[in-house]
Amino acid sequence: MSSPIKLNLKVYQGATFREPLRWESSTKVYKPITAITKAAPVQITAVSHGIPVGWRTKITNVAGMTELNSADTYHVVTDVTTDTVTINAINALAYKDYTTGGVLEYNAPVELAGYTGRMQIRSKLTDPEVILELTSANGGIVIDDVAKVITIVITAAQSTLLNFASAVYSLELVQGTEVVPFLTGSISLVQEVTR
């Protein structure tokens, strides 16, 4: 990763904020499809697919149920077993019958073991004062290598104390001496009404 991803966030004052993030590598994985259910949601069988829940996958080269094929549309996997993925956003009840073939294509997850995270929120880039610091040590950045998820967590108690209209942040991932600028952007704060 050469430069951080830009993602603007919205935090509701007085509420718990959770933002799950997934780090995709540039390595493409292709898993042959052996069965597809004509159901809602659709369930696709691809032996030992290795796709985590919440990951994006693209479906190509399916014969019969060609409505699933796409050159550029990715769908989020909502449930998995070792050999199947479920995509809740696809209702395949009215699709043609699956006959043969097809591939699940996705970018392999980056291994997160050994990484920690750190994030600072400031009113503006040049401001020396840190409004809020989130780290793996204080529970603000949760890294789950099994699920391949990095989650930003701002507790309700923390968000209650925030008092800005807009601020900036950056999230870095650290492994040993390597520092990866992972995410950057602005944060808008929605003031709490019910308190």
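Couple of notes before you dig in:
- From 102, 50, 64, residue being farther than 30 Å from residue 191 by Cα and in contact with a helix residue (DSSP H, G or I) (Cβ under 8 Å, 6 or more places away or on another chain): 102
- Within the range 82-108, considering residues that are farther than 13 Å from residue 70 by Cβ, in contact with a strand residue (DSSP E or B) (Cβ under 6 Å, 6 or more places away or on another chain) and β-branched (Val, Ile, Thr), the one least open to solvent (accessible area, probe 1.4 Å): 85
- Within the range 129-146, the set of residues being at pLDDT 95 or above and either among the aromatic types (Phe, Trp, Tyr) or outside any strand (DSSP E or B) (or both) comprises 129, 130, 131, 136, 137, 138, 139, 140, 145.
- Residue match in the range 151-174 (condition: charged (D, E, K, R) and open to solvent by less than 30 Å² (accessible area, probe 1.4 Å)): no
- Within the range 137-150, the set of residues being touching a strand residue (DSSP E or B) at 6+ places or on another chain (Cβ under 8 Å) and open to solvent by less than 40 Å² (accessible area, probe 1.4 Å) comprises 139, 140, 141, 148, 149, 150.
- Residue pairs whose Cβ atoms lie under 6 Å apart, sitting 6 or more positions apart in sequence or on different chains, and linking a residue in the range 1-26 that is over 21 Å from residue 154 (Cα atoms) to a partner that is outside any strand (DSSP E or B) and among the β-branched types (Val, Ile, Thr), are 25/110.
- Only one of 48, 26, 70 that is small (Gly, Ala, Ser), open to solvent by 60 Å² or more (accessible area, probe 1.4 Å) and assigned to a loop (DSSP other than H, G, I, E, B): 48
For every residue, the table says whether it meets (1) in contact (Cβ under 8 Å) with a residue 12 or more places away in the chain; (2) of a type in the set (D, E, K, R); (3) farther than 27 Å from residue 27 by Cβ.
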| residue | (1), (2), (3) |
| --- | --- |
| 113 | yes, no, no |
| 116 | yes, no, no |
| 127 | no, yes, yes |
| 135 | yes, no, yes |
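One line per residue, one yes/no per condition, for (1) closer than 28 Å to residue 53 by Cβ; (2) within 25 Å of the chain's Cα centre (by Cα):
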{"residue": "100", "(1), (2)": "yes, no"}
{"residue": "104", "(1), (2)": "yes, yes"}
{"residue": "136", "(1), (2)": "yes, yes"}
{"residue": "161", "(1), (2)": "no, no"}
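The values are calculated or read from the model by the stated rules, or taken from the named source; none is laboratory data. Note that the coordinates shown come from a computational prediction; the quantities given were computed from them, not determined experimentally. So basically every Cβ, Gly included, is an ideal-geometry build from the backbone, and we count neighbours across all protein chains shown. The protein model used for the area step is the full one, side chains on, heavy atoms only, and it has no ligands, DNA or RNA in it. Shrake-Rupley method; radii C 1.70, N 1.55, O 1.52, S 1.80 Å.
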